[in-house]
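Engineer: Sharing a structure, written as structure tokens. Questions coming.
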Amino acid sequence: MGNVIRIPSEIYSRLEGHAEGFDTPANVIEKLLDHYEGIVHDPTRKSSYKSPQPRDLTKFSFNGKSYGKGKLVQAIVEEYVSNHPEITFSNLLDVFPKHLQGIRGVFIKYEVAQEIFDRTGHKRHYIKSTELIKLSDCMVAVCTQWNKDNIKNFINKSESIGFTITPIRD
């Protein structure tokens, strides 16, 4: 039997975000250590996880402007709130549910986003004063953590409520 390591629930939640299929916590930690240590596995070897893929730098056109994934989400949420000035946090969450992004959600209350940044030093949300979105009951910060998979969920939802988003082909 191995050693027991106790970790805060916030860190465990972050680890869950890296799990695939039936990964155990030990498998996820091993993947992170391998990545940190620069260990590259033989591609012919059976592995429980995928090798890192190059970053997806797809740009999108929305309202005549070009955006990367995170800023696209920011622009759409801002536009939606602008069109619905009395919207509350709960109502906005009904429109853009957490699962569209994954573990972090599309947006969170500003105070929570700032606390995450202060505690970890990792900027997971747009938290500059010019980036915050004012709702009728609070300020929210949009998540910066978007990839080629979860952005599809967000775009599909956005298009279903009337927004037009076009990928920009280079």
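The values are calculated or read from the model by the stated rules, or taken from the named source; none is laboratory data. Just so you know, these numbers come straight off a predicted model, no measurement behind them. Cβ placement follows ideal geometry from the backbone for every residue including glycine, while neighbour counts extend to all protein chains displayed.
Engineer: Looking only at residues in the range 116-133 that are at pLDDT 95 or above and loosely packed, with under 13 Cβ neighbours inside 10 Å, which one is nearest to N83 (Cα to Cα)?
Structural biologist: T130
Engineer: Another one. Please find, among V73, V81, V95, V112, the residue that is among the aliphatic types (A, V, I, L, M), under 15 Å from I151 (Cβ atoms) and at pLDDT 95 or above.
Structural biologist: V73
Engineer: Which of (1) at pLDDT 80 or above; (2) within 28 Å of I151 (Cα to Cα) does P8 not meet, given it meets every other one?
Structural biologist: The number of the failed condition is (2).
Engineer: What's the total number of residues in the range 130-170 that are of a type in the set (K, R) and touching a residue at least 60 places away in the same chain (Cβ under 8 Å)?
Structural biologist: Qualifying residue count, the range 130-170: 2.
Engineer: Considering the range 66-102 alone, what residues qualify as being without any contact (Cβ under 8 Å) to a residue 12 or more places away in the chain and in contact with a helix residue (DSSP H, G or I) (Cβ under 7 Å, 6 or more places away or on another chain)?
Structural biologist: Result: Y67, single match.
Engineer: I would also like to ask the following. What tally of residues in the range 60-78 results from selecting those that are over 15 Å from M139 (Cα atoms) and surrounded by 14 or more Cβ atoms within 10 Å (Cβ to Cβ)?
Structural biologist: Counting residues in the range 60-78 that are over 15 Å from M139 (Cα atoms) and surrounded by 14 or more Cβ atoms within 10 Å (Cβ to Cβ) gives 12.
Engineer: Something else now. Of all residues in the range 134-151, which are touching a strand residue (DSSP E or B) at 6+ places or on another chain (Cβ under 6 Å) and surrounded by fewer than 20 Cβ atoms within 10 Å (Cβ to Cβ)?
Structural biologist: The one that is touching a strand residue (DSSP E or B) at 6+ places or on another chain (Cβ under 6 Å) and surrounded by fewer than 20 Cβ atoms within 10 Å (Cβ to Cβ): C138.
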